[in-house]
Number of protein chains: 2
Amino acid sequence: MDSLDDRKAAVLRAVVEEYIETAQPVGSGHVAGRPDVGVSPATVRNEMAALERDGYLAQPHTSAGRVPTDKGYRFFVDQLTRLGPLGPSERLQVKEFFAQAHGELEQMLHDTSRLLSELTSYAAVVVGPPAEAATIRSVQLVGLSPRVALAVTVLSNGAVHKHTFEWNEDVGEERLGAATARLSGVLVGSTMRSAQPPPPSGDALLDSMVDQVATALRAAVSEESDQVFVGGTARMAAAFDAVETVRSVLDTLEHQYVVVSLLRDVVDRGLSVAIGSEHGFQPLAECAVIVAPYGRQGERSGTIGVLGPTRMNYPQALAAVAVVSQRLGSRLDEG
Amino acid sequence: MDSLDDRKAAVLRAVVEEYIETAQPVGSGHVAGRPDVGVSPATVRNEMAALERDGYLAQPHTSAGRVPTDKGYRFFVDQLTRLGPLGPSERLQVKEFFAQAHGELEQMLHDTSRLLSELTSYAAVVVGPPAEAATIRSVQLVGLSPRVALAVTVLSNGAVHKHTFEWNEDVGEERLGAATARLSGVLVGSTMRSAQPPPPSGDALLDSMVDQVATALRAAVSEESDQVFVGGTARMAAAFDAVETVRSVLDTLEHQYVVVSLLRDVVDRGLSVAIGSEHGFQPLAECAVIVAPYGRQGERSGTIGVLGPTRMNYPQALAAVAVVSQRLGSRLDEG
DNA sequence: CTTGGCAGTCGGTACAATCGAGTGCCAGAC
DNA sequence: GTCTGGCACTCGATTGTACCGACTGCCAAG
């Protein structure tokens, strides 16, 4: 099933590589012309017919060349692609990027998405670390108006969460201070998920405030979707020729929640590449995604990915994703 | 110069409206067929020839109909467009949106950009309120590791700023607390711009910490660009037929800084519409932007805008922008 | 000043012929 | 048996031609 004799594999590789480069159906003549396939066009034709029977290739119409199917791409990335190194200029670009990367996590992740899209010429997605894992470093209630306050939570990974609260009566500065103290006592050091309100104090309003905030924090973890940074969407305009495809892909990229769950789904299935129908998401049927987790100290913190047409340059994109995820991880370890 | 006799105006209006609807060059026959132009095609031809001489219309090629120029659109929006009311369904959509809008400012602005893009079928931009105007409500230094701390600043408008700082020696919790106290004393109540460090304390490290943070906050106002939310980029794919145009527009929209300065520039010139070459930004030469400031208590806090092809539906888009900016402003006043 | 008429322009479409890239199959060579 | 050259065939793309139709500009008559 997933094994092909050497010559079939060589033909398939040739078709995929040629098609990735030219975006044109490739015929037996072109394949036979390649140095690594030392046979005549006629023989290639026979092999191609067999590959088509087995579902690796397809023909747009009679008298046209062959085009790889999703299955064909799958075999290509699984069996025919060694994770090549990046080109020298790309390598330099990555190096310089991480050498001068600094500042806030968000800013860096945002810039990373741009880097990745420049390296691959496709759209890139960077998903930030989830909040659940981090512990709370600080909780503070800041009054904005007599009845409105902002709860600012600082997590150990440097992320800051904020939530506004409104009450029906004026709460006063001293109550805010007391609530801050009580919340700090209980929450600092624990994770958002395990946030539990402290025991009652006797002051009903104060207790209700503390309870609201603690509850909201717990809810925030499940509700609040992870931060997502998408870069290089403009490149999708050139990647497909059908306007409708472009529109639907861009539309999908705007719905960050969808993108995140797609990536998560692929990662959970242990894949690093999902091609066309494999991810089962109709609007992106003509797309392939390459994902990789990144993390500090060996554990996963987030995911990066690139999204391109199924005929994307897999070797290059795989290399770029691998390098960036690895460098990003070690960059996070540092500071 | 900017005045046209009634019949020329009617012809121009007809051409613009027809072209907006059909995207096809419009000929004398179509114009003459409209009820508000009671003359024969021949007369219309004469008028159109005059309008072309004066630069309001252009001909893609001989034997084709006429197309409005930027100047033609300009006259149309200035003289021929009354700010009509929104359609009932749009009106309802806006009403429902603001009725259920809640939560964080960022979230609301983000959703507003989506609303505006749905109302107009073009891309929408929402620029958040600038930080300079707001006063500081709270400053807090939170230690993340022995040498790294996060300065969290809460502004009176509910915005939260964060900046990481790293020192060469361990600072310790008590110094962070002292620094927080000193900073709070000086900064709370003032604006970011006027942030000034307090007098020296005698502790060199502490003073340097305080100084760094105060300086950084002052710098943040000028450096940190305003928050921008862009929605409906996918709609640009359908708005232009040239792929290259789509790519360049999307590319521009990804560079938020460029978008913000474009909007700001238009607003500063007192315009509400900039058509094609008027904004002088080459990559968007085929685009028109409609902008409107929104604000609480009468003063400006931010800007909203829509970006579409020069042949956009101006009456509808103008109405949508006007309504949304007004509703958004009053929504901010409430909470 | 308006209008109907008319000659002229020119892009878009429809159609046929042709071209060429590619295929499948088969018979012969190695 | 496997490979290969040859051949007939298919079918999309290109080219050329003719034509149609939607325009315009101009002019002379109302």
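The values are calculated or read from the model by the stated rules, or taken from the named source; none is laboratory data. Keep in mind that what you see is a predicted model, and the values were worked out from it rather than measured. All Cβ positions, even for glycine, are placed from backbone atoms using ideal geometry, and neighbour counts span all protein chains on display. Keep in mind that these areas ignore ligands, DNA and RNA; they rest on the heavy atoms of the full protein, side chains included. Shrake-Rupley method; radii C 1.70, N 1.55, O 1.52, S 1.80 Å.
Within segment B:198-245, the set of residues being at pLDDT 85 or above and polar (S, T, N, Q) comprises B:SER208, B:GLN212, B:THR215, B:GLN227, B:THR233, B:THR245. Which of the residues belonging to segment A:128-139 are open to solvent by 10 Å² or more (accessible area, probe 1.4 Å) and in contact with an Asp or Glu (Cβ under 9 Å, 6 or more places away or on another chain)? Those that are open to solvent by 10 Å² or more (accessible area, probe 1.4 Å) and in contact with an Asp or Glu (Cβ under 9 Å, 6 or more places away or on another chain): A:PRO129, A:PRO130, A:ALA131, A:ALA133.
Residues in segment B:271-285 that are open to solvent by 60 Å² or more (accessible area, probe 1.4 Å), farther than 24 Å from A:ARG114 by Cβ and of a type in the set (S, T, N, Q): B:SER277 only. Every listed requirement among (1) open to solvent by 40 Å² or more (accessible area, probe 1.4 Å); (2) part of a helix (DSSP H, G or I); (3) acidic (Asp, Glu) is met by B:ASP36 save one, (2).
The residue that is most open to solvent (accessible area, probe 1.4 Å), counting only those in segment A:81-122 that are closer than 20 Å to A:MET312 by Cα and among the charged types (D, E, K, R), is A:ARG82.
With respect to the conditions (1) assigned to a helix (DSSP H, G or I); (2) away from chain A (no Cβ under 12 Å), B:HIS110 lacks only one, and its number is (2). Pairing each residue of segment A:56-76 that is among the polar types (S, T, N, Q) with any residue that is near DNA strand C (Cβ under 7 Å from one of its atoms), provided the two are 6+ apart or on different chains, yields C-beta distances under 6 Å for A:GLN59/A:ARG66.
Examine segment B:190-207 for a residue that is in contact with a strand residue (DSSP E or B) (Cβ under 7 Å, 6 or more places away or on another chain), buried (at least 22 other Cβ atoms within 10 Å of the Cβ), in contact (Cβ under 8 Å) with a residue 12 or more places away in the chain and assigned to a helix (DSSP H, G or I), and state whether such a residue exists. No, segment B:190-207 has no match at all. Taken over segment B:237-261, the criterion of being in contact (Cβ under 8 Å) with a residue 24 or more places away in the chain and of a type in the set (A, V, I, L, M, F, W, C) is satisfied by B:ALA239, B:PHE240, B:VAL249, B:LEU253, B:VAL259, B:VAL260. Of all the residues that make up segment B:283-335, how many are among the hydrophobic types (A, V, I, L, M, F, W, C), within 14 Å of chain A (Cβ to nearest Cβ) and out of contact with any strand residue (DSSP E or B) (no Cβ under 7 Å at 6 or more places or on another chain)? Qualifying residue count for the region: 1. Figure legend. Inter-residue proximity from segment B:30-43: first residues within 14 Å of chain A (Cβ to nearest Cβ), second residues open to solvent by 50 Å² or more (accessible area, probe 1.4 Å) and away from DNA strand C (no atom under 12 Å from the Cβ), beta-carbon distance below 8 Å, spacing 6+ or different chains. No pairs are indicated. B:ASP70 falls short on exactly one of the conditions (1) at pLDDT 95 or above; (2) over 24 Å from B:VAL258 (Cα atoms); (3) in contact with a strand residue (DSSP E or B) (Cβ under 6 Å, 6 or more places away or on another chain), and that condition is (2). Among the residues that make up segment A:54-65, is at least one of them assigned to a helix (DSSP H, G or I), within 13 Å of DNA strand D (Cβ to nearest atom) and outside the structural domain of A:ARG327 (by TED's automatic domain parsing)? Taking every residue of segment A:54-65 in turn, none turns out to be assigned to a helix (DSSP H, G or I), within 13 Å of DNA strand D (Cβ to nearest atom) and outside the structural domain of A:ARG327 (by TED's automatic domain parsing).
The set of residues from segment B:240-270 being open to solvent by 60 Å² or more (accessible area, probe 1.4 Å) and not in a helix (DSSP H, G or I) comprises B:ASP241, B:HIS255, B:ARG269, B:GLY270. Taking the conditions exactly as written (more than 14 Å from DNA strand D (Cβ to nearest atom) and part of a loop (DSSP other than H, G, I, E, B)), does A:SER3 satisfy them or not? When the stated conditions are applied, A:SER3 passes them.
The rows are residues; the columns are (1) at pLDDT 90 or above; (2) aliphatic (A, V, I, L, M); (3) within 16 Å of DNA strand C (Cβ to nearest atom).
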{"site": "A:LEU12", "(1), (2), (3)": "yes, yes, yes"}
{"site": "A:THR43", "(1), (2), (3)": "yes, no, yes"}
{"site": "A:ALA64", "(1), (2), (3)": "no, yes, yes"}
{"site": "A:SER89", "(1), (2), (3)": "yes, no, no"}
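Summed over segment B:239-265, residues that are among the acidic types (Asp, Glu) and more than 8 Å from chain A (Cβ to nearest Cβ) total 2.
Taking segment A:224-238 as the range and being part of a helix (DSSP H, G or I) and either open to solvent by 20 Å² or more (accessible area, probe 1.4 Å) or more than 10 Å from every other protein chain (Cβ to nearest Cβ) (or both) as the test, the residues that pass are A:ARG235, A:ALA238.
Considering the conditions (1) surrounded by 18 or more Cβ atoms within 10 Å (Cβ to Cβ); (2) assigned to a strand (DSSP E or B); (3) in contact (Cβ under 8 Å) with a residue 40 or more places away in the chain; (4) not β-branched (Val, Ile, Thr), A:PHE165 is excluded by exactly one of them, (1). Among B:MET192, B:MET209, which is the only one that is more than 11 Å from chain A (Cβ to nearest Cβ) and either under 35 Å from the mean Cα position of the chain (by Cα) or of a type in the set (D, E, K, R) (or both)? Answer to the selection: B:MET192. Between A:THR81, A:THR135, the distinction of being within 14 Å of chain B (Cβ to nearest Cβ), touching a residue at least 40 places away in the same chain (Cβ under 8 Å) and within 30 Å of the chain's Cα centre (by Cα) belongs to A:THR135 only. Selection over segment B:18-43 of residues that are more than 9 Å from DNA strand D (Cβ to nearest atom), in contact with an Asp or Glu (Cβ under 9 Å, 6 or more places away or on another chain) and not hydrophobic (A, V, I, L, M, F, W, C) gives a count of 1.
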